[in-house]
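Comments concern the structure below.
The values are calculated or read from the model by the stated rules, or taken from the named source; none is laboratory data. This one's a predicted model, so the numbers in the text were calculated from it and none came from an experiment. Cβ sites come from the backbone with ideal geometry, for glycine too, and all protein chains shown count toward neighbours.
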Amino acid sequence: MRKYLAVTSTLFKAQLVYRFEVAMTAVSSVGTVLFAWVLWGAAFSERTAIGGFTYQDMLSYYVISSFIVSIDKSNNVCFEVSKKIRGGTFSKYMTIPANPQLYFLFQSFGVSAYYALFALLSALFSVGAFGVKLSFSSDPASVLCAILLVPLGISFMVSLRYFIGLLTFKFQDIGFFIHVQSGSVTFITGSIIPIVLLPKTVQSILRFLPFSHVIYTPAALLTGQTDATAGFSGLLVLLGWTAIMAVMNKAVYNRLRVKFDGVGV
Amino acid sequence: MRRNLRFIFLLLKLKLTHMMVFRLSFFGGFLADSMLFLIQILAFNTIYGHIDTIGDWSKGQMMIFIGTFSMLNGINMLVYFFGVLGIPEKIASGELDHYITKPVSPLLRLTFENFDPGSAPLLLLSGVIIAYGVSLEGITLTFPLVLGYSLLVLLMAVLYYDMELILRTIPFFTVAANAITELEGPLLELNFKIPGVLYKGAFKILFYFILPYGVMATVPTQFITGTLSLPGLLQALGVVTVFTVLALRFWRFGLKHYKSASS
C-alpha cells in the first residue's frame, strides 16, 4: 500500500508542472456553470420549476457536478496506457513490483487531489459570479454517501478507461472506442443535464449501471435532490461494477500482455 | 486563380494518398464530432420534453441551430482545421521557412494542405439534423431560402476560419501561445450549446463583437426560421467583413515579425 501512496504523492506534486492544464480545467468548470446560468436562466424565465428543480437548485447542481467532473481525470488513463503500449514503454509496468491497474488508480487519485484544490476555487468563483444560492443537503447520511461515491466513482472510471487502454494490445488504433465511450459517458453520468430529467424508463435502467452514480447521484445528494437511500444503492452498484471491472481487467491484461512487443521485452 | 485551384487540387490528392496509409484513423474526426452533436440533440430533446421554449426558441429552431453548428464544424474539419491547427508549431520550429520560400501563398498552402475527407460524413449528418429541425418547424423550403441560408453558412465558415487564424497568428509575437489557442476549446464548446440570442448584456457584446462565436450558427438559423431582422443581417455581415480583413492583415503583420530558423 505504501508504494501506491508514494505514486499518489508523486503524481500530486508532478501536477505543478501542468499549471496551464489545471487553469484550463478551472475555466472549463466555470464555463459549465455559465452555460447553465444562460440556458436555464432562459428556460426558467417563464416557469418556476422544471423536473422538480428550481433555477437555484439547477445552478447548485451544475456547480457541484462541474466540481466532480473537474477532479475526474480518468480519461487521461486510456490515452496514457494506449500511448505506452504503442510506444513500447508499457514494459515499465510489467517489470516494476506493482499491479498496473492499481498503479494507474493511485496515480489518478494524486492528479484528482491536486485538481480538487483548483476545482474548489472555481466552484467558489462560480457561486459568487453567477449569484448561486447553493442548495446543500442537511442530511449527514446523504453527505457521507456523496463523499464516498466520489472516490469510488473515480475508481470505476479509471478501471473503465484502463480497460479501453488495454485494448491497444489487440487493436492498434483505439480511437473508435475512446470517442464512443467519451461522448456517451458524458451524457449518462449526468454532467450535461441532470438524470432526473430523462424519461423514467431510462432512469430505471441507469440506476443499475454505474455511470449515473459517478456524477449525478453525488451531486443530487449534496444538493438535497435525492435521499440517502438512493446514495446507499448507488454505493452498492458502484462497488459491484468496480469489482467486476477489476476482475475483467486482470483477465484481459493476462490474456493480452503476451501480444506485447515492447522495449526490453 | 486557376493556378491556386490547381494547387489546392494537388494538395487534396497528396493528402488522400497520405491518409490511405492510416485507414483506421480515417473517420476519427467524424466519430468524435458526430458523438458530440448527437449527445447535444439528446440533451435538448430531454430539456424540450419538459418545456416548450427556451427563451423564444422552439425545439425545431434549436435542432436547426445544432445542425448548423455541426455543419460549420464539418466544413471546418473537412477543409482547414488541421492545416490552421499546425501554424503555431511551424512558427515555433522554424518550419514555416519551407512555406515562405515556395512560389505560392504560404497561407493558401497552410489552409488547404490538410484536408480531412474523413470528416465529410459530418456534413451529411448535419444535413439530416437540419432537415429534422426544418420539419419540426414546418418550414416550406424555397430556392431563395435555401440559397440565402447556404450563403450565410459559408460566410460563417469564413468567420470561423478568421477566428482560428487570428488566434494562431499570435505565436509570431510570443514564444508560446498555448494559453490563447487552448481557450478556444471551452469558448467553442459553450457556443455550440447556447444560441447567441440567449446572451444578455456583457456576454452578448463579448460573443457577438469581440469573440463572435455567438453569431456563427445563430444567424443562419434565424434566417431560415424567418426571425432574422435586416439590422441583424447587416450586423452579421459587418462582423464577418471586419474579422476577415483583420485576420488577413494580422497574418501579414505577423509574417513580417517571423524570426525564421536561419536568422
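Things to note:
- Within the option set A:Ser65, A:Ser60, A:Ser91, being among the polar types (S, T, N, Q) and at pLDDT below 90 holds for one residue only, A:Ser91.
- A:Ala113 surrounded by fewer than 17 Cβ atoms within 10 Å (Cβ to Cβ) and in contact (Cβ under 8 Å) with a residue 60 or more places away in the chain: yes
- On inspection, B:Asn45 fails the criterion of being crowded, with 19+ Cβ neighbours inside 10 Å and at pLDDT 90 or above.
- Selection count, the range A:189-242, where residues are surrounded by fewer than 19 Cβ atoms within 10 Å (Cβ to Cβ) and among the aromatic types (Phe, Trp, Tyr): 2
- Those residues of the range B:185-208 which are facing chain A (nearest Cβ under 8 Å), hydrophobic (A, V, I, L, M, F, W, C), without any contact (Cβ under 8 Å) to a residue 24 or more places away in the chain and more than 14 Å from A:Thr32 (Cβ to Cβ), in sequence order: B:Phe203
- If you go through the range B:35-86 and keep only what is in contact (Cβ under 8 Å) with a residue 40 or more places away in the chain, of a type in the set (S, T, N, Q) and not in a loop (DSSP other than H, G, I, E, B), you end up with B:Gln40, B:Gln61, B:Thr68, B:Ser70, B:Asn73, B:Asn76.
- In the range A:50-65, the residues that are farther than 13 Å from A:Phe136 by Cα reach residues that are among the aromatic types (Phe, Trp, Tyr) with C-beta atoms within less than 6 angstrom, at least six apart or across chains, in these pairs: A:Tyr55/A:Phe44.
- Helices (runs of 4 or more DSSP H) contained entirely in the range A:1-113, each with at least 1 residues that are more than 30 Å from B:Asp52 (Cβ to Cβ) and away from chain B (no Cβ under 14 Å): A:2-14, A:55-71, A:75-87, A:91-95
- Residue within the range A:193-206 that is farther than 17 Å from A:Val81 by Cα, polar (S, T, N, Q) and not in a helix (DSSP H, G or I) present: no
- Filtering the range A:186-205 to residues that are more than 10 Å from chain B (Cβ to nearest Cβ), closer than 22 Å to A:Lys73 by Cα and not polar (S, T, N, Q) leaves only A:Gly190.
- Residue check for B:Thr218: away from every other protein chain (no Cβ under 14 Å), surrounded by 15 or more Cβ atoms within 10 Å (Cβ to Cβ), in contact (Cβ under 8 Å) with a residue 60 or more places away in the chain and of a type in the set (S, T, N, Q): no
- Just one of the numbered conditions (1) in contact with a Ser or Thr (Cβ under 7 Å, 6 or more places away or on another chain); (2) under 21 Å from B:Ile139 (Cβ atoms) is not true of B:Gly83: (2).
- Of all the residues in the range B:191-226, those that are among the charged types (D, E, K, R) and either within 18 Å of B:Val240 (Cβ to Cβ) or within 19 Å of the chain's Cα centre (by Cα) (or both) number 2.
Residue by residue, here is whether (1) farther than 19 Å from B:Pro88 by Cα; (2) assigned to a helix (DSSP H, G or I); (3) not acidic (Asp, Glu) holds:
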site: B:Tyr160; (1), (2), (3): no, yes, yes
site: B:Glu184; (1), (2), (3): no, yes, no
site: B:Phe203; (1), (2), (3): yes, yes, yes
site: B:Phe223; (1), (2), (3): yes, yes, yes
site: B:Val239; (1), (2), (3): yes, yes, yes
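Results for (1) within 14 Å of chain B (Cβ to nearest Cβ); (2) closer than 22 Å to A:Pro100 by Cβ, shown as yes or no for each residue.
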position: A:Val132; (1), (2): no, no
position: A:Asp139; (1), (2): no, no
position: A:Cys145; (1), (2): no, no
position: A:Pro151; (1), (2): no, yes
position: A:Met157; (1), (2): no, yes
position: A:Tyr162; (1), (2): no, yes
position: A:Leu167; (1), (2): yes, yes
position: A:Ile178; (1), (2): yes, yes
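- Among the residues of the range A:168-182, those identified as assigned to a helix (DSSP H, G or I) and crowded, with 20+ Cβ neighbours inside 10 Å are A:Thr168, A:Phe169, A:Ile178, A:His179.
- Test: A:Lys84 is of a type in the set (Lys, Arg) and closer than 23 Å to A:Phe156 by Cα: yes
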